[in-house]
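Taken together, the values in this text are just the output of simple stated rules run on the coordinates, not laboratory data. Everything quoted here is computed from the prediction, not taken from an experiment. Reconstructed Cβ throughout: ideal geometry from the backbone, glycine too, with neighbour counts over all protein chains shown.
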Amino acid sequence: MNKRKEILVLGLALFSMFFGAGNLLFPPSLGVAVGQSWFIAGIGFFITGVGLPLLGILAFTKGGSLDEFASKVSKKFNTAYLTTLILVIGPLFAIPRTGSTTFEMGVLPLIGGADPKISAIACSVIFFGITLFLVLNESKVTDVLGKFLTPIILVILALITVFGILNPIGEPVASIVEGSQFSYGFINGYQTMDALASVLFGVIIVKGLEGKGVTDSKEQKFFLTGAGFIAALGLGLIYFSLIYLGAQISSMQNLSTAQTALMVAELTLGSSGKIAFGICVAAACLTTSVGLTALVSDWFSKLTNVSYKKVAIITCIFSAILAVAGLDYIISLAVPVLVILYPVTIVLIVLNIFGVENRNCFAFATIITLIISILEVLKVNLSFIPLSNLGFAWIIPAIIAFLIGKVIKN
């Protein structure tokens, strides 16, 4: 086995797995919000948008599986956690987001004076109708689209970045964000949902290595670390470039999330570039929608007595309805859920990476993190807890709970 070649191939696979249309939406908006503080906010975004997803995959090199990921808390908790995870990256947020992104970036710029509400409904029906058809017919169309679209989008991004750096489209202004710019970027990275998806992707990647004869956990870490560096380099360059370009138009505070990305494309490549970028991103959303719908349908058909086909139909109908509400509305709905789910996921990833076997440590650290995160969303005053002013009130309680778990015998 040529290790360098395998690492390169795995690195590109990891990159394509995490690279999606959603990842292009949030960095420019972050840049607009933080302005001159784009670099420190970008580091926070990088940690949750790149670092955590890679750690999520590494967590499975200990020989774990989805059935074991959070089972040391309890089997029921593991099922509830994974079900919530799949709902979040499925019909509650991520799948509808693909439909609304398709409309706002790929269709809206082209329809001129047409009624946007009627157009949004029509676009949603057509988009999720195609999604359902491809899911039920197991078409390879999305695989082909993905292979062609990703390189095209990367070329467009490269052009946007080069033109934006050589010919600045504006000057960053002072941040409109109060408090820590780092934590703002860190929490905004939640919106990529890649760390949540990595929990599901991790098993696939590790199984693939095992199929090639790489069964030792240390050797798996070697491959994944090298591949992770390649994927992180690619994603990091994209994120920091888009955040920086967003910062250049930080004087424009009245743009929606989709409009911000399109504005960056238009100011660097012109109106034709904006349209080309929007269409590519919209088409990429279709591949994401099909993949996530298939994942949701497979999970719930196994968890319940409902057939794969019925789950797919229900998922597409629900997603189509929610997509019409608009991208920014879906994002606003997702924030509180992600603020609860992400800290719990971070704790579980860390505990799995270090191979913690003590069930009390697992349970205590996870549950206290869940409780603190819920209290934060409910706006309970937690200012007495260290790091709460940065948005990380859960960290110290989780560490204390972990240490208490070590003292108490199983």
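Going out from 0 in 10 Å bins, what whole percent of all Cα-Cα distances in the stretch 1-123 drops into each bin?
Bins of 10 Å from zero give 10, 24, 32, 24, 9, 1 percent of pairs.
Given the rule -39500 (n - 2.57) for each run of at least 4 DSSP H residues, summed and divided by the residues of the chain, what is its mean residue ellipticity at 222 nm, to the nearest 500 deg cm²/dmol? Present the calculation step by step, with values, prior to reporting the outcome.
On the way: 17 runs with 293 residues, N = 410.
Result for the chain, helices only: -24000 deg cm²/dmol.
Could you tell me the center-to-center distance, by alpha carbons, between the stretch 330-391 and the stretch 123-200 in angstrom?
Each part's Cα centre sits 26 Å from the other's.
Using only the C-alpha atoms of the stretch 336-386, find the volume of their convex hull and express it per residue in Å³.
Numbers: hull volume 3.8 nm³, N = 51.
Expressed per residue, the convex hull around the Cα atoms of the stretch 336-386 is 74 Å³.
How long are the three semi-axes of the equivalent ellipsoid for the stretch 249-313, computed from the Cα gyration tensor as the root of 5 times each eigenvalue, in whole Å, largest first? If you can, show how the numbers build up before the last one.
On the way: eigenvalues 290, 36, 9 Å².
Listed largest to smallest, the semi-axes of the stretch 249-313 are 38, 13, 7 Å.
For the stretch 209-366, what's the radius of gyration and Dmax over Cα atoms, in angstrom?
Here Rg and the maximum Cα pair distance are 20.8, 58 Å.
What trypsin sites (Lys or Arg not before Pro) does the stretch 162-255 have in DSSP loop regions with at most 13 other beta carbons within 10 Å? Walk me through the numbers before you get to the answer.
On the way: sites: Lys207, Lys212, Lys218, Lys221; in loops: Lys212.
Listed in order of number, the matching sites are Lys212.
Label-point separation (nm) for Ile118 and Val203, each offset 7 Å from Cα along Cα-to-Cβ?
Those two pseudo-labels are separated by 4.7 nm.
Going out from 0 in 5 Å bins, what whole percent of all Cα-Cα distances in the stretch 104-204 drops into each bin?
Result returned by the calculation: 2, 8, 8, 10, 18, 20, 16, 11, 5, 2, 0.
Tell me which of Ile130, Ile368, Leu108 sits at the most positive position along the dipole axis of the chain, charges placed on C-beta atoms (Lys, Arg +1; Asp, Glu -1).
Ranked along the dipole, the leading option is Ile368.
Loop-only trypsin sites (Lys or Arg not before Pro) in the stretch 282-386, please: DSSP not H, G, I, E or B, and at most 10 other Cβ atoms within 10 Å. Please report the intermediate quantities before stating the final value.
Details: sites: Lys302, Lys309, Lys310, Arg359, Lys379; in loops: Lys379.
Those satisfying the criteria are Lys379.
Based on the alpha-carbon gyration tensor of the stretch 290-350 and its eigenvalue square roots a ≥ b ≥ c, which shape applies: rounded if a/c is under 1.5, prolate if not and a/b is larger than b/c, or oblate?
In terms of gyration-tensor shape, oblate.
Based on C-alpha coordinates, I'd like the Rg and Dmax of the chain, in Å.
My reading of the Cα-based Rg and Dmax gives 21.1, 69 Å.
Work out from phi, with θ = phi - 60° and the Karplus expression 6.51 cos²θ - 1.76 cosθ + 1.60, the ³J(HN,Hα) of each residue of the stretch 28-40, listed in order in whole Hz, and give x for Gly and Pro.
x, 5, 4, x, 4, 6, 9, x, 5, 9, 4, 6, 5
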